[in-house]
């Protein structure tokens with residue numbers, strides 16, 4: 001069953017909201033970390049905004065994955081030299097903030113002198129330090145627009161859908 005949650009128009013409006021907020025706080029020099037694979041569509045659309053065209057940015061694509069061991073989820077980060085972010089301003093981009101484990105892991109790997117901004121398209125938790133476009137209280141599995149659908153890759157979709165938790169168990 002396909003259940004549309006956010007249309008292309010909703011997503012564009014949310015990204016515009018994020019770009020406007022970021023324009024007020026980001027410095028001229030900026031390191032941007034795109035968490036892969038999920039954030040690629042979000043990052044591509046966000047970075048096309050003028051706010052980024054007038055800044056000197058360096059893009060970093062960091063691959064992460066999750067591993068569950070004894071009911072504990074661990075985030076695995078591919079080999080990456082995080083020391084290069086010493087005394088820099090970093091913007092972390094991810095498509096969704098759900099449990100926060102991926103972003104928390106990346107933050108811990110960054111040097112203490114790094115100034116960190118975090119922007120996500122969707123959040124299921126409102127946190128003071130998080131810049132987001134959509135607050136979502138839908139507890140179902142979300143997919144599309146960078147987010148996968150369990151064992152089917154639906155990241156390429158331009159809208160966001162949800163799968164009822166009952167359907168997820170099938």
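Values in this text are rule-based calculations from the coordinates and carry no lab data. Quick caveat: nothing in here was measured; it's all calculated off a predicted structure. Methodologically, a virtual Cβ is constructed for each residue, glycine included, from the backbone with ideal geometry; neighbour enumeration extends over all protein chains shown.
When the Gaussian network model of the chain links Cα atoms closer than 10 Å, the mean-square fluctuations of 145, 80, 97 top out at 80. Taking 7 Å steps out from each Cα toward its Cβ at residue 3 and residue 80 produces label points 3.2 nm apart.
Anisotropy class assigned to the stretch 1-48 is oblate, per the alpha carbon gyration tensor with a/c at or over the 1.5 cut-off and a/b no larger than b/c. Considering only 13, 112, 67, the mean-square fluctuation computed in a Gaussian network model of the chain, springs between alpha carbons under 10 angstrom, is largest for 67. Per residue, the convex hull spanned by the alpha carbons of the chain comes to 121 Å³. Which angle between 0 and 90 degrees, to the nearest 10, do you get for helix 8-25 versus the longest principal axis of the chain when only C-alpha atoms count? With rounding to tens, the tilt is 20 degrees.
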